[in-house]
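Chemist: Sharing a structure here in structure tokens format.
Just so it is clear, none of the values below were taken in a lab; they were calculated from the coordinates. Predicted model, so just to flag it, every value in this text is computed and none were measured. Neighbour counts are summed over all protein chains in view; Cβ atoms, including those assigned to glycine, are modelled from backbone coordinates with ideal geometry.
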Amino acid sequence: MTRVSGSWLEAKGTQLVMKTLEEAGFEAFAVGGCVRNALLGEPVADVDISTSARPEDVLKLAKASGLKAIPTGIDHGTITVVANGEPYEVTTYRADVETDGRRAVVRFAQTMKEDAIRRDFTMNALYADRHGLIKDPLGGLEDLRARRFRFIQDAQTRIREDYLRILRYFRFTAWYGNPEAGVDPEALAAIAENLDGLDHLSRERVGAELCKLFAAPDPTVAVSVMEQTGVLHRIMPGATTRALGPLIIHEQSMALGPDALRRMAATGFFDGAALRLSKQAQKQLALLQCRISDSKGLPEIAWRDGGAVAQDVAVLRAAMLEMPLASDTEAQIQAGTQAQFPVTAKDLMPHLQGPALGKALTKLQRFWIASGFTLQKEALLKLLNQEG
């Protein structure tokens, strides 16, 4: 018997919700990512619970136990139950009736196995009771131990139920797969035959999945396989993985954590609007695109945009030019972050105002940057007077 444990399972809220359902005669199991991550020794974020109870039963039992219950997805069998201050998505066993590649029409199922079959990958179809005993209706444990992602039963069918599963396949592979073991050939064949389905997905869903994928510790292998199968070019036209591997190496040498936007920029793809990324993310990508290609040095970038942007530009330039990082990279960035322009607008008034004042400040900044941030106020003002 395989068991799982952890604070997420032993939490008062988890135990209360599952025990409430069980004592009323229903089955209740933690399922999906929480079980998978716990078995892999990875952090558990959310606890989803699968049950034989119908939504109306969940609502009634929660109310009787003094728990808050919100019908967040009642048409699809999901009730959010708040216990001990934590939300739990409690979902009735389901089976797909009809799918269009984006959404499914479901019916409530009778058994755990029916519920498991409608899921995406075998290692996501693992269930655990409140004592931690694992239920494995589809043989996902073997795949999990090998860190091998396989679609449940027929890969083509699973993909056509929801084409986002193509991207989820690569995202999970990047986070939890075994790079040395390669990827499932049946899965790749099915993905290659269903690329057109990606066009039917909302750009928001695609963008969200890509952000999660590129935030993996090292997504190089997964993204490279995406490129080989044609997925990458389909959703990120013009992107290439050539600089991604070197970027990861440079990130590690500078002790930079994973950053999805930095990794996207390394592929040469900067169109955040096409992926419906947030305005802030779009602005960040545009800034990286500008700074990678312009002539500004790292000290100036650090001064203008901050040290974090300068670090991103440093590793991106090195990776995309296939060059090593300069030995003084961090010193250059530190010099820029510590620099303070010694002249203010007040220093130039009342002699200059309006556009003339702005032009003069810009000119002085150029002198100051060219001097390596060494010129002080008196010297800069003298230069301005000499210029007339």
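Chemist: Using the alpha carbon gyration tensor of the stretch 316-388, what are the three equivalent-ellipsoid semi-axes (square root of 5 times each eigenvalue), largest first, in whole Å?
Modeler: Numbers: eigenvalues 208, 34, 22 Å².
Its equivalent ellipsoid spans semi-axes of 32, 13, 10 Å.
Chemist: What do you get for the angle between helix 329-338 and the principal long axis of the chain? Use alpha-carbon atoms, 0 to 90 degrees, nearest ten.
Modeler: Value to nearest ten degrees: 70.
Chemist: Explain nothing, just compute: Karplus ³J(HN,Hα) = 6.51 cos²θ - 1.76 cosθ + 1.60, θ = phi - 60°, for every residue of the stretch 13-25 in order, whole Hz, x for Gly and Pro.
Modeler: x, 4, 5, 5, 5, 5, 5, 4, 5, 5, 5, 8, x
Chemist: Place +1 on the Cβ of every Lys and Arg and -1 on the Cβ of every Asp and Glu in the chain, take the dipole about the Cα centre, and give the residue among ALA308, HIS200, PHE341 whose Cα lies farthest towards its positive end.
Modeler: Value computed over the given set: PHE341.
Chemist: A follow-up question, please. For MET254, MET123, MET112, what's the fewest-to-most ordering of other Cβ within 10 Å of each Cβ? Please report the intermediate quantities before stating the final value.
Modeler: Values: MET254 16, MET123 30, MET112 20.
Exposure proxy ranking, most exposed first: MET254, MET112, MET123.
Chemist: With N denoting the number of residues in the chain, provide Rg(C-alpha) divided by 2.2 N^0.38 Å, to two decimal places.
Modeler: Against the empirical 2.2 N^0.38 Å value, I get 1.28 for the chain.
Chemist: If r is the Cβ-Cβ distance from ARG3 to MET349 and R0 is 56 Å, what FRET efficiency results, to the nearest 0.05? Don't skip to the answer; put the middle values down first.
Modeler: Details: r = 74 Å, r/R0 = 1.32.
With a Förster radius of 56 Å, E is 0.15.
Chemist: Run the simple label-point estimate for ARG203 and HIS233 please: 7 Å along Cα→C-beta, distance reported in nm.
Modeler: It is 2.2 nm.
Chemist: Give me VAL82, VAL221 sorted ascending by neighbouring Cβ count inside 10 Å, so fewest comes first. Intermediate values should be presented prior to the final figure.
Modeler: Working: VAL82 15, VAL221 21.
Lowest to highest Cβ neighbour count: VAL82, VAL221.
Chemist: For the pair GLN376 and SER253, what calculated FRET efficiency results from E = 1/(1 + (r/R0)^6), where r is the Cβ-Cβ distance and R0 = 41 Å, to the nearest 0.05?
Modeler: Working: r = 35 Å, r/R0 = 0.86.
Working from the Cβ atoms, E equals 0.70.
Chemist: Taking the Cα centre of the chain as the origin, how large is its charge dipole in debye, to the nearest 20, when only Lys and Arg (+1) and Asp and Glu (-1) carry charge on their Cβ atoms?
Modeler: Values: 46 positive and 48 negative charges, 207 e Å.
Computed about the Cα centre, the dipole is about 1000 debye.
Chemist: Rounded to the nearest 10 degrees, what's the angle between the helix 279-293 long axis and the longest principal axis of the chain, both from Cα atoms, 0 to 90?
Modeler: 50
Chemist: Rank-order 142-149, 158-165 by packing density, defined as the average count of other C-beta atoms within 10 Å over each peptide's residues, highest first.
Modeler: Values: 142-149: 17.8, 158-165: 21.4.
Top to bottom by mean Cβ count within 10 Å: 158-165, 142-149.
Chemist: Counting helices only, and only those DSSP H runs with n ≥ 4, report the 222 nm mean residue ellipticity of the chain as the sum of -39,500 (n - 2.57) divided by its residues, in deg cm²/dmol to the nearest 500. Mind dumping the intermediate values first?
Modeler: Working: 21 runs with 197 residues, N = 388.
It lands at -14500 deg cm²/dmol.
Chemist: If you average the C-alpha positions of the stretch 129-157 and of the stretch 197-217 separately, how far apart do those two centres end up, in angstrom?
Modeler: 24
Chemist: Per residue and in cubic angstrom, what volume does the convex hull of the Cα atoms of the stretch 245-388 have?
Modeler: Working: hull volume 19.1 nm³, N = 144.
So the per-residue Cα hull volume is 132 Å³.
Chemist: LEU133 to LYS63: FRET efficiency via 1/(1 + (r/R0)^6), r the Cβ-Cβ distance, R0 30 Å, to the nearest 0.05?
Modeler: Details: r = 29 Å, r/R0 = 0.96.
Computed FRET efficiency for LEU133 and LYS63: 0.55.
Chemist: In addition: Straight-line reach from LYS63: which lysines have Cα under 30 Å away, leaving out those fewer than 8 places along the same chain?
Modeler: In chain and number order, the partners are LYS12, LYS19, LYS113, LYS135.
Chemist: At a 10 Å Cβ-Cβ cut-off, how would you order ASP218, ASP154, fewest neighbours first? Before the final figure, lay out the partial values.
Modeler: Values: ASP218 18, ASP154 11.
The fewest-first ordering by Cβ neighbours comes to ASP154, ASP218.
Chemist: By how many degrees, between 0 and 90 and to the nearest 10, does the Cα long axis of helix 220-229 differ from the longest principal axis of the chain?
Modeler: 80
Chemist: If you don't mind, another one. List nothing, just return the count: lysine pairs in the stretch 224-383, 8 or more apart or interchain, with Cα separation under 21 Å.
Modeler: Step by step, the pairs that qualify in the stretch 224-383 add up to 11.
Chemist: Additional query: Give the cross-link partners of LYS68 among the aspartates and glutamates, using a straight C-alpha distance below 19 Å as the criterion and excluding same-chain residues fewer than 8 apart.
Modeler: Straight-line reach from LYS68, under 19 Å: GLU22, GLU23, ASP46, ASP48, GLU56, ASP57, GLU86, GLU89.
Chemist: Full extension from LEU40 to ALA308: what is 0.36 nm times the residue separation minus their Cα-Cα distance, to one decimal in nm? All intermediate terms of the calculation are to be shown ahead of the outcome.
Modeler: On the way: separation 268, 0.36 × 268 = 96.48 nm, distance 3.21 nm.
Here the segment from LEU40 to ALA308 would lengthen by 93.3 nm.
Chemist: Now, a different point. Plugging the Kirkwood radius over Cα pairs into Stokes-Einstein for the stretch 1-145, at a temperature of 37 °C and a viscosity of 0.692 mPa s, what D comes out in µm²/s? Intermediate results must be reported in sequence, preceding the final value.
Modeler: On the way: Rh = 15.2 Å.
After rounding, the answer is 216 µm²/s.
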